[in-house]
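The values are calculated or read from the model by the stated rules, or taken from the named source; none is laboratory data. None of these values were measured; they are calculated from a predicted model. Cβ placement follows ideal geometry from the backbone for every residue including glycine, while neighbour counts extend to all protein chains displayed. Just so you know, the surface numbers come from the protein's heavy atoms only, side chains and all, with ligands and any DNA or RNA stripped out. Shrake-Rupley method; radii C 1.70, N 1.55, O 1.52, S 1.80 Å.
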Amino acid sequence: MLEYRKIREDEIDQMVAIRDYCFRNRYTGKRLEDFCQWAKVSNSIGAFNGNSLAGQVMVFPLKMAIHGQTFSMGGISFVATYPEYRNEGVMKQLMRRVLAEMREQGQWVSVLGPFSVSFYRHFGWDLFFDKVQYTFPTQLFSMKKGDMGRIERFNYQENREQLAHVKEVYQAYALKTNGMMIRSEEWWKRLEMRQSEASFALSIDHNGQPQGFIRYVMNDLRFEVLDQIALNVSAEKALWEFIRVHRSNFTEVSGTAAVQQSFGSQWDEPQFKKEIVQDTMIRIVDVEHFLAAYPFQTLTKRLYLKVIDTFAPWNQGVYAIDSQGVVKIAEHEVAQEEYLEMDIASLSSYLVGYHDLKWYHYHEKAIVSETVLNEWDQAIPKEQPQFYGHF
């Protein structure tokens, strides 16, 4: 009989061992140091056979912005089970306990990068961000010189005091952009530890105010954009001009953008390699608390929501939502045609803005009347999410 409990700090060596075995790439040096540091601060649940770790789920304590509201978020990472314990329900028990732990910690939402979308949908997570990974040859750059304005270039070893401005720009962008992860000081340190060779270019306007930045590495003949944040189009153009003037040093540029940004349409020749990647999933951990903090757009009348959630039973039930707050009610108190019914996975992606309710209704992921659908459509903010965190 396995025991399920929190993993203690003196058991981190077992977390390293199971990670190395299951992911087949051994961590050393800075990567290992980074892993151990986050293992200390994470809320990790393990399945133990006696004193030996058989399976684990790590939960990073993070934050994210959803339609302008900041939520504590549990970042699921390094999910692993030794082969001899697989297909025995170990992961099911770990997930149940992880959800309960996140709820206890006040993490009303959770995000993860799946090895299998269907696997995590079973536990209540669903996709919420479609990104484009692009690669284009330097010949696509216009030969016409653009306006770069004032650019400050630096790295972690030289002029790193400029990093404070980078953090300010990122924070401003994250708070106004739906779905972005809020980066703590600890997360910025993690980025440095994992990619200490990265450089930065900071775009500064004529008033001396930072307006955008890129974080990048140049690998062989590739210019790889790790972060690209711009508060306005002038900063965006300036940063692309900064990349363009490097064209004699590399043959291609790669990076990531949100699908809804229609990346490449601003180029004279937008036909270059773009791959749509769906590798980010979200789950509401505690529906009642999440709805209470959720920034509804318009609540002209009371809305009713029925939630199906087999792995977090505290979420199961019917909720009444109005301008006074959220309350859980008995199902018999409201007629079926008056409420929206969704499972937790579909509800999670819907409320963060992945698709509108008509999409979920069409794909039979929502049971709702036309009248109630229109009421929900007026109440939910419309901005689609962006998320670029990697756990």
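Observations on the structure shown:
- Subset of region 194-225 [surrounded by fewer than 13 Cβ atoms within 10 Å (Cβ to Cβ) and of a type in the set (Asp, Glu)]: 197, 220
- Selection status of residue 230, open to solvent by less than 30 Å² (accessible area, probe 1.4 Å) and either out of contact with any Leu (no Cβ under 9 Å at 6 or more places or on another chain) or over 28 Å from residue 384 (Cβ atoms) (or both): no
- Contacts under 8 angstrom Cβ, first residue in region 370-391 being of a type in the set (Gly, Ala, Ser), partner exposed (fewer than 15 other Cβ atoms within 10 Å of the Cβ) and in a loop (DSSP other than H, G, I, E, B), 6 or more apart: 379/297; 379/298; 379/299
- Residue within region 205-225 that is at pLDDT 95 or above, farther than 15 Å from residue 165 by Cβ and among the β-branched types (Val, Ile, Thr) present: yes
- Within region 213-230, residues that are farther than 10 Å from residue 252 by Cα have Cβ atoms under 7 Å from residues that are of a type in the set (Ser, Thr, Tyr) and outside any strand (DSSP E or B) in these pairs: 229/170; 229/173, counting only partners at least 6 apart in sequence or on another chain.
- Remark: pairs (first residue in region 42-71, more than 30 Å from residue 21 (Cα to Cα); second residue of a type in the set (Lys, Arg) and in a strand (DSSP E or B); Cβ separation under 7 Å; 6+ apart in sequence or on different chains) = 70/63; 71/63.
Yes or no, residue by residue, for (1) under 24 Å from residue 352 (Cα atoms); (2) under 21 Å from the mean Cα position of the chain (by Cα):
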{"position": "44", "(1), (2)": "no, yes"}
{"position": "48", "(1), (2)": "no, no"}
{"position": "53", "(1), (2)": "no, no"}
{"position": "62", "(1), (2)": "yes, yes"}
{"position": "65", "(1), (2)": "yes, yes"}
{"position": "71", "(1), (2)": "yes, yes"}
{"position": "77", "(1), (2)": "yes, yes"}
{"position": "80", "(1), (2)": "no, yes"}
{"position": "83", "(1), (2)": "no, no"}
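- Only listed residue being at pLDDT 95 or above and of a type in the set (Lys, Arg), chosen from 26, 103, 86: 103
- Of the listed requirements (1) under 24 Å from the mean Cα position of the chain (by Cα); (2) outside any strand (DSSP E or B); (3) aliphatic (A, V, I, L, M), residue 217 misses just one: (2).
- Qualifying residue in region 4-25 (condition: part of a loop (DSSP other than H, G, I, E, B), open to solvent by 40 Å² or more (accessible area, probe 1.4 Å) and within 30 Å of residue 178 (Cα to Cα)): no
- Checked against the criterion of being more than 23 Å from the chain's Cα centre (by Cα) and either part of a strand (DSSP E or B) or within 30 Å of residue 319 (Cβ to Cβ) (or both), the candidates 202, 239 yield just one match: 202.
- Complete set of residues in region 179-193 that are over 17 Å from residue 72 (Cβ atoms), basic (Lys, Arg) and open to solvent by less than 30 Å² (accessible area, probe 1.4 Å): 190
- Checking residue 244 against (1) under 24 Å from the mean Cα position of the chain (by Cα); (2) surrounded by 13 or more Cβ atoms within 10 Å (Cβ to Cβ), the condition it does not meet: (1)
- So residue 383, is it open to solvent by 80 Å² or more (accessible area, probe 1.4 Å) and touching a Ser or Thr at 6+ places or on another chain (Cβ under 9 Å): yes
- Within region 106-119, the presence of a residue that is over 25 Å from residue 179 (Cβ atoms), at pLDDT below 95 and polar (S, T, N, Q) is excluded.
- Checklist (1) modelled with pLDDT under 95; (2) under 24 Å from residue 386 (Cβ atoms); (3) in contact with a strand residue (DSSP E or B) (Cβ under 8 Å, 6 or more places away or on another chain) applied to residue 190, failing item: (3)
- Members of region 43-58 that are surrounded by 21 or more Cβ atoms within 10 Å (Cβ to Cβ) and out of contact with any Asp or Glu (no Cβ under 7 Å at 6 or more places or on another chain): 44, 46, 47, 54, 55, 56, 57, 58
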